[in-house]
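Each remark here refers to the structure printed beneath this line.
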Amino acid sequence: QKEVEQNSGPLSVPEGAIASLNCTYSDRVSQSFFWYRQYSGKSPELIMSIYSNGDKEDGRFTAQLNKASQYVSLLIRDSQPSDSATYLCAVNNDYKLSFGAGTTVTVRA
Amino acid sequence: GAVVSQHPSRVICKSGTSVKIECRSLDFQATTMFWYRQFPKQSLMLMATSNEGSKATYEQGVEKDKFLINHASLTLSTLTVTSAHPEDSSFYICSARAGGPSYNEQFFGPGTRLTVL
């Protein structure tokens, strides 16, 4: 069983729409959760961190965490072509990050 | 956010040679740095965890004698790929963990693309 699983994608959304990304994790004791954005050929860039159950909003991004369901999601509102990238869900375990395989998002102009 | 640099950004070498990659935290002190490898169309795979002043901890399946890691200061860690072979060609990325309230956040360097001929 993979530690961190993401919806496989690719996900194609029209410009201005909401992109919804999902992630589940297997280690119930995990406390820290992150979303990274990775453009092709580049390294990951941290866009959101979330530690408590509920929603956390930062600009057009909203992360949602449900520890009971071992589920974390990322919503991208008003999607822009510049949001086209691979989004990696990462879960902290013993100070190390476990990454999901990533979901590739394409925003159609 | 915190800034992490890597050098070189790209390297091409002949099979059998050794390559050193540097990772620096520019505006913070990083007691822990991490080295990842990413093959095309795959996610990041952690190779080792590097703590300042102590030996690195390698993930299962990673050869410590082939991938030498040195973390001599709070701002610098190096990865040396010894006797590189074509199968070592990959995107190597380091990250550094900042202290304080966001101590679990990792900030990534821009990566080093290694091509072994």
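The values are calculated or read from the model by the stated rules, or taken from the named source; none is laboratory data. Since this is a predicted model, take the numbers as computed values, not measurements. A quick note on method: Cβ atoms are made from the backbone with ideal geometry, for glycine too, and the neighbour counts reach across all protein chains shown.
Some observations on this one:
- Within the stretch B:63-84, considering residues that are assigned to a loop (DSSP other than H, G, I, E, B) and either on the phi > 0 side of the Ramachandran plot or out of contact with any Leu (no Cβ under 9 Å at 6 or more places or on another chain) (or both), the one surrounded by the most Cβ atoms within 10 Å (Cβ to Cβ): B:Leu74
- Residue, farthest from B:Leu76 (Cα to Cα), within the stretch B:1-44, restricted to residues that are among the basic types (Lys, Arg) and in contact with a Leu (Cβ under 6 Å, 6 or more places away or on another chain): B:Lys14
- Yes/no for B:Lys55 being of a type in the set (Lys, Arg) and either closer than 22 Å to A:Tyr39 by Cβ or at pLDDT 90 or above (or both): no
- Segments classed as strands (runs of 3 or more DSSP E), wholly inside chain A, with at least 1 members that are surrounded by 13 or more Cβ atoms within 10 Å (Cβ to Cβ), at pLDDT 95 or above and among the small types (Gly, Ala, Ser): A:11-14, A:19-25, A:61-66, A:71-76, A:85-93
Each row is one residue, and each column tells you yes or no for (1) free of Cβ contacts under 8 Å to residues at least 60 places away in the same chain; (2) within 14 Å of another protein chain (Cβ to nearest Cβ); (3) more than 22 Å from B:Phe39 (Cα to Cα).
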| residue | (1), (2), (3) |
| --- | --- |
| A:Glu45 | yes, yes, no |
| A:Asn53 | yes, no, yes |
| A:Lys56 | yes, yes, yes |
| A:Phe61 | yes, no, yes |
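- Of all residues making up the stretch B:65-113, the number that are within 14 Å of another protein chain (Cβ to nearest Cβ), more than 10 Å from the chain's Cα centre (by Cα) and either under 18 Å from B:Ser18 (Cβ atoms) or not aromatic (Phe, Trp, Tyr) (or both): 12
- Note on the stretch B:21-39: residues that are out of contact with any Phe, Trp or Tyr (no Cβ under 8 Å at 6 or more places or on another chain) and farther than 11 Å from B:Cys94 by Cβ total 5.
- For the stretch B:19-62, the set of residues classified as assigned to a loop (DSSP other than H, G, I, E, B), in contact with a Ser or Thr (Cβ under 6 Å, 6 or more places away or on another chain) and small (Gly, Ala, Ser) consists of B:Ala56 only.
- If you go through the stretch B:85-110 and pick out every residue that is outside any strand (DSSP E or B) and buried (at least 22 other Cβ atoms within 10 Å of the Cβ), you end up with 1.
- Within the set B:Gly100, B:Gly16, the sole residue that is modelled with pLDDT of 95 or more and not hydroxyl-bearing (Ser, Thr, Tyr) turns out to be B:Gly16.
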